[in-house]
Amino acid sequence: MHRIACVALLVGTLGLSVAARSAEHNYEIEISGMVCAFCAYTVGKNLATLPGVVADSVSIDLERGVAMLQSTQKLDAAAVEETILESGFNVAGIASITEIPAVSTPTTQVVKLTLNDEQIGSKMADQLLDVLGATALRIGGELRVIAPGKLESDILKPLIAGRQRAIKVRFESSAQGTVQVSLYH
């Protein structure tokens, strides 16, 4: 009797797992007008706010001009178009795809830079952030930033603006008086 209950539990769990996976929706969105990593960051950040979108699944292929993402519900095409337009770009097409290519999440912290709020915008801070951005691009790393939300643009411009390939950036707003930028590989 105990074996039957275990088998039934296992089958039920597998069934739920399959049902949960089938409820996931994968999309590829063609976007025209993106030319740099800052464009890609803006689009990715805004797409991640759409209802049902799994924020960590959003990836931007700047060379192809596409965003790929996973959602727990069917996306509203009008909401996607509005979000992209508000980001300053145009939607050329939205397609449902079978799966999103796996992207590994970097786990090893390579560098951690801590600055005071007042240092942001200084020549020294901009140069340090530029070097971190260039290094992240070269090694295929991910940048994680913890800083006051009001400084987001001032920090990200030297990190990613003007770069011709997208860099994965996670920005976390904080009330601290410091800015922490970490590079993971």
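If the requirement is being farther than 15 Å from PRO51 by Cβ and outside any strand (DSSP E or B), which of these qualifies: THR105, THR83?
Result: THR105 is the single residue among THR105, THR83 that is farther than 15 Å from PRO51 by Cβ and outside any strand (DSSP E or B).
Considering region 25-34, the residues that are touching a residue at least 60 places away in the same chain (Cβ under 8 Å) and not acidic (Asp, Glu) include one that is farthest from LYS168 (Cα to Cα), namely HIS25. Tallying residues that are farther than 18 Å from GLN176 by Cβ and surrounded by fewer than 18 Cβ atoms within 10 Å (Cβ to Cβ) within region 138-152 yields 3. Just one residue in the set GLU86, GLU81, GLU63 is without any contact (Cβ under 8 Å) to a residue 24 or more places away in the chain and either of a type in the set (D, E, K, R) or touching a Phe, Trp or Tyr at 6+ places or on another chain (Cβ under 6 Å) (or both); that residue is GLU81. Screening ALA161 with (1) farther than 23 Å from SER57 by Cα; (2) surrounded by 13 or more Cβ atoms within 10 Å (Cβ to Cβ); (3) among the small types (Gly, Ala, Ser) gives one miss only, at (1).
For region 166-179, the condition holds for at least one residue, the condition being that it is in contact with a Pro (Cβ under 9 Å, 6 or more places away or on another chain), crowded, with 19+ Cβ neighbours inside 10 Å and closer than 23 Å to VAL58 by Cα.
Taking region 146-183 as the range and being touching a strand residue (DSSP E or B) at 6+ places or on another chain (Cβ under 6 Å), in contact (Cβ under 8 Å) with a residue 40 or more places away in the chain and outside any loop (DSSP other than H, G, I, E, B) as the test, the residues that pass are LYS168, VAL169, PHE171, THR178, VAL179, GLN180, VAL181, SER182, LEU183.
Filter region 102-130 down to the residues that are touching a His at 6+ places or on another chain (Cβ under 9 Å) and among the β-branched types (Val, Ile, Thr), then identify the one that is surrounded by the most Cβ atoms within 10 Å (Cβ to Cβ).
Checking each candidate, the answer is VAL110.
Taking the listed residues LEU156, LEU75, the one that is buried (at least 18 other Cβ atoms within 10 Å of the Cβ) and not assigned by TED's automatic domain parsing to the domain that holds GLU63 is LEU156, with no other qualifying.
Residue pairs whose Cβ atoms lie under 6 Å apart, separated by 6 or more positions or on different chains, with the first residue in region 92-118 and within 25 Å of GLY33 (Cα to Cα) and the second in a strand (DSSP E or B) and of a type in the set (Gly, Ala, Ser), are ALA92/SER32; VAL103/SER59.
The values are calculated or read from the model by the stated rules, or taken from the named source; none is laboratory data. Given the structure is predicted, the values throughout are model-derived calculations rather than measurements. Heads up, the Cβs are rebuilt from the backbone with ideal geometry, glycines too, and the neighbour counts pull from every protein chain shown.
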